[in-house]
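Asks: To start, I am sharing the structure in question, which I have written as structure tokens.
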Amino acid sequence: MRVDTLPHTYLSRRIDNFVQRIGQTLSYIWLALLFVIVINVLMRYLFSEGRIELEELQWHLYSVGFLLGMSYAYQADVHIRVDVLHERFSPQLRAWIELYGILLFLIPFIALILIYSVQFVSSSFGVGEVSPSPGGLPYRWAIKAILPLGFALLLLTVFARLIRVWYFLFIDYEEQGNEGGAVLTKGTPKNTAAPLTTNNSQAEEIYGR
């Protein structure tokens, strides 16, 4: 559901602001990536000299921008989703879909990535893995460590969204219903019947003077 329809809590706001700052800072990494690509292309076609370290630096920068940018995309609600039916649903139904999607699919998927990626990085660090290409970049484990770091940041963002969805479904509705001294809960029908009143003329016609 649209993120602007969900209420904030103190904790969720702090997490979202933290992720937003990271996303805004990472936006400059795409300028660095563009600069590296241009330099590599110029050296290859103007000077006939290819640099393997520049090629590896390209996909290193892309990996950092993508893996750490996932959380910002989710926080800003600009990630890809199927909106053909989603936009036609009510806010409550979209919130329920978001809740079950987070609990049943997103969190288990992130947990699997974190479990296996930690072993993936530790084994690379243990053997001191470097690039297999001549002249490639060292410390291959460092770029691999971005994988669990990116998904850990995504998990933090998902936790903030889960707080907001839970607050929208189970807390915020009751608070809105209790404003103004009226106590309204879900499933409580409003009394829309007009009040029954009689005036003196109607009473005189029925019962006589």
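The values are calculated or read from the model by the stated rules, or taken from the named source; none is laboratory data. Nothing here was measured: the structure is a model prediction, and the numbers come from that model. For neighbour counting, all protein chains shown are included, and Cβ atoms are generated from backbone atoms with ideal geometry for every residue, glycine included.
Asks: Given (1) in a helix (DSSP H, G or I); (2) in contact with a Lys or Arg (Cβ under 9 Å, 6 or more places away or on another chain); (3) not basic (Lys, Arg), where does Leu149 come up short, assuming only one miss?
Replies: Here Leu149 clears every test but (2).
Asks: What's the number of the only condition in (1) at pLDDT below 90; (2) under 30 Å from Ser131 (Cα atoms) that Ile39 fails to meet?
Replies: It is condition (1) that Ile39 fails.
Asks: Restricting attention to the stretch 129-151, and to residues there that are without any contact (Cβ under 8 Å) to a residue 60 or more places away in the chain and crowded, with 16+ Cβ neighbours inside 10 Å, which single residue is farthest from Asn17 (Cα to Cα)? First the steps, then the outcome.
Replies: Of the stretch 129-151, the ones without any contact (Cβ under 8 Å) to a residue 60 or more places away in the chain are 129-130, 132, 138-142, 144-145, 148.
Then drop every residue that is not crowded, with 16+ Cβ neighbours inside 10 Å, which leaves 129, 140-141, 144-145, 148.
Details: Glu129: 36, Arg140: 31, Trp141: 29, Lys144: 26, Ala145: 24, Pro148: 21 Å.
So the residue we want is Glu129.
Asks: Which residue pairs have Cβ atoms closer than 7 Å, lie 6 or more positions apart in sequence or on different chains, and pair a first residue in the stretch 44-71 that is within 24 Å of Leu155 (Cβ to Cβ) with a second residue that is among the aromatic types (Phe, Trp, Tyr) and assigned to a helix (DSSP H, G or I)?
Replies: From residues that are within 24 Å of Leu155 (Cβ to Cβ), the pairs are Gly65/Trp30.
Asks: Quick check: is even one residue across the stretch 56-64 among the acidic types (Asp, Glu), at pLDDT 90 or above, part of a helix (DSSP H, G or I) and surrounded by 14 or more Cβ atoms within 10 Å (Cβ to Cβ)? Step through it out loud before you land on a result.
Replies: Just the residues of the stretch 56-64 that are among the acidic types (Asp, Glu), to begin with: 56.
Of the ones still in play, those that are also at pLDDT 90 or above are 56.
After this cut, where a residue has to be part of a helix (DSSP H, G or I) as well, the list is 56.
Of the ones still in play, those that are also surrounded by 14 or more Cβ atoms within 10 Å (Cβ to Cβ) are 56.
There is at least one residue in the stretch 56-64 that is among the acidic types (Asp, Glu), at pLDDT 90 or above, part of a helix (DSSP H, G or I) and surrounded by 14 or more Cβ atoms within 10 Å (Cβ to Cβ).
Asks: May I pose another question? Report whether or not Tyr45 is under 28 Å from Ala160 (Cβ atoms) and not aliphatic (A, V, I, L, M).
Replies: Answer is no for this residue.
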